[in-house]
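First up is the structure itself, then whatever we jot down about it.
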Amino acid sequence: MTYTTFYSETKDGTFIALNSRDNEFMISSRISQRMYLDYMLSHLYISMYLCVIIAIVIGINGYRQFKRPRSLQEELRRAVEENEFLPYLQPIVNHQGRICGAEILMRWHHPNQGFIMPDLFIPLAEDTGLIHIMTTQILNRVKSDLLQNHQYLPDGFHLAINISPSQCNDLLFYKDCLSFMSAFPEGKVKLVAELTEREFIQDTGNAALLFEKLHHLGVQIALDDFGTGHSSLAYINQFHIDIIKIDKSFTHLIGSVDMPSHIVDNVVDLANRLNIDVVAEGVENATQEAYLKQRDIQFFQGYLYDKPLPPAVFIEKMQQQSDMLVRLQADPSLNG
Ligand code: G
Ligand code: G
Ligand code: MN
């Protein structure tokens, strides 16, 4: 038998008809939307669930791709917004081996990658100008950490922070220091701006103004990585430098070669003549310490004393030292 088929969509569902060729008879039926749905639910439910799951997976993935920054630069911007930069504090000790200060060293606590060292992100932060706000953020963090515990810090606590040459072009850093200093009792903290001599300061006029204002506030200027760059003596000549940091590469020469490094002696000699304090960086063993202690050096920093520490651990150390000093004052016979 031959027949023709006929479909028609109506508002009650699909009308289906089979017509015999000579219209002798017709078989028709109506399939309602409800019947479609019942059929799908009873026969195709596995496929339907699969479709829903696949759609959800595609949706989540798309959302992640959308949220994921496309470049390290955007990632850095996101991290600034999320306040992911943390200060670590490396103790600085005096001749008696007591902690009298710290250097703030920035770490990036990335949600997926964990801790990232500054060498990997500071250059980009400098190029993008984000270094300004990152410095403000970590200074604020250190401020609140130390403020709650300032009774454990010795007076005149030497707190050093690294700044990039581009931060010498305006007075933003000055404002950060002003806000920092005004939070502490007078004479409690002595801020030190560490300036690396590995890169040039572009606008020396602006830098001179910044340094003058910083000095006025009681903030000192330290020349970091001294001797490794190209501008050490030029900077000393041009700016009012308060502190020189002998680079760790020179400290490491002590004890590693037969003849002790004349460079260390010469730097100390130069500093003495110019009335500049000296910090010896990268002190790792007793041989280096013994050699350096025979020179006129005020501050020592390195793994021999401690590595950079999370603020809570650093504060714990300060508390222990402060308790020890109180006991010593009460009973001087404990000394030694
Ligand atoms: O521990 P360390 O790997 O932290 O430091 C590596 C380098 O990163 C150092 O040369 C230091 O000067 C630089 N650095 C660390 N913290 C800061 C910061 O807050 N600002 C700038 N400009 N440099 C920093
Ligand atoms: O800002 P500056 O470049 O000075 O940064 C100090 C760097 O030296 C940081 O990366 C810090 O972790 C590192 N450092 C601190 N103490 C020591 C040390 O005793 N030995 C070595 N090799 N590195 C040190
Ligand atoms: Mn430094």
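The values are calculated or read from the model by the stated rules, or taken from the named source; none is laboratory data. As the structure is a prediction and not an experimental result, all values here were calculated from the model. Note that each Cβ is placed from the backbone with ideal geometry, even for glycine, and that neighbours are counted across all protein chains shown. Note: areas computed on protein heavy atoms with side chains; ligands, DNA, RNA excluded. Shrake-Rupley method; radii C 1.70, N 1.55, O 1.52, S 1.80 Å.
For the residues ARG141, ARG64, ARG30, a GNM of the chain with alpha-carbon springs under 10 Å puts the largest fluctuation on ARG30. Local charge for GLY13 was computed over the other residues whose Cβ lies under 9 Å away, with Lys and Arg +1 and Asp and Glu -1, and equals +1. So, taking all protein chains as they sit and a 1.4 Å probe, how much accessible area belongs to MET35, in Å² rounded to tens? Near enough 100 Å² of accessible area. The order of VAL313, VAL264, VAL57 by accessible area, most exposed first and with a 1.4 Å probe, is VAL57, VAL313, VAL264.
Amide H contacts of GLU194 (H built 1.01 Å from N, in plane; Pro and chain starts excluded): ILE161, ASN162, ILE163, ALA222 sit under 5 Å, all sequence-distant by 5 or more or on other chains.
List the aspartates and glutamates whose Cα lies under 12 Å from the Cα of LYS293, skipping any in the same chain that are fewer than 8 positions away. Hits, sequence-local ones excluded: ASP265. In angstrom, the C-alpha Rg and Dmax of segment 3-67 are 19.9, 66.
If you take the Cα centroid of segment 53-89 and the Cα centroid of segment 264-336, the two points sit 42 Å apart. Take every DSSP beta bridge whose two residues both sit in the chain; close to 55 percent of them are antiparallel.
Between the helical axis of 204-217 and the longest alpha-carbon principal axis of the chain there is an angle of about 70 degrees.
Compared with the dominant principal axis of the Cα atoms in the chain, helix 131-147 is inclined by about 70°.
Surface composition of segment 21-88: carbon and sulfur make up 61 percent of the accessible area, probe 1.4 Å. From most to least packed by mean Cβ count within 10 Å, the peptides 167-177, 198-208 give 167-177, 198-208. For segment 93-100, 3J(HN,Hα) computed residue by residue from phi via the Karplus equation (6.51, -1.76, 1.60; θ = phi - 60°) reads 10, 9, 4, 7, x, 8, 5, 10 Hz, glycine and proline entered as x.
The accessible surface of segment 137-257, taken with every protein chain in place and a 1.4 Å probe, is 51 percent carbon and sulfur.
Listed by chain and number, the lysines placed with their C-alpha closer than 29 angstrom to that of LYS143 are LYS175, LYS188, LYS190, LYS213, LYS245, LYS248, LYS307, LYS317; residues fewer than eight positions away on the same chain are left out. Based on protein heavy atoms only, segment 3-67 ends up with 90 Å² per residue of surface accessible to a 1.4 Å probe. Compared with the rule-of-thumb size 2.2 N^0.38 Å for a compact globular protein, the chain has a Cα radius of gyration ratio of 1.73.
Charge tally around GLY129: other residues with Cβ under 14 Å, Lys/Arg +1 each, Asp/Glu -1 each, net -2.
Label zone (LYS307, point 7 Å along Cα-to-C-beta; backbone nitrogen cut-off 19 Å) within segment 92-107: 92-93, 102-107. Helical runs (DSSP H, four residues minimum) scored at -39500 (n - 2.57) apiece and divided by the length of the chain put the mean residue ellipticity at 222 nm at -14000 deg cm²/dmol.
Axis angle, to the nearest 10 degrees, between helix 33-43 and the longest C-alpha principal axis of the chain: 70 degrees.
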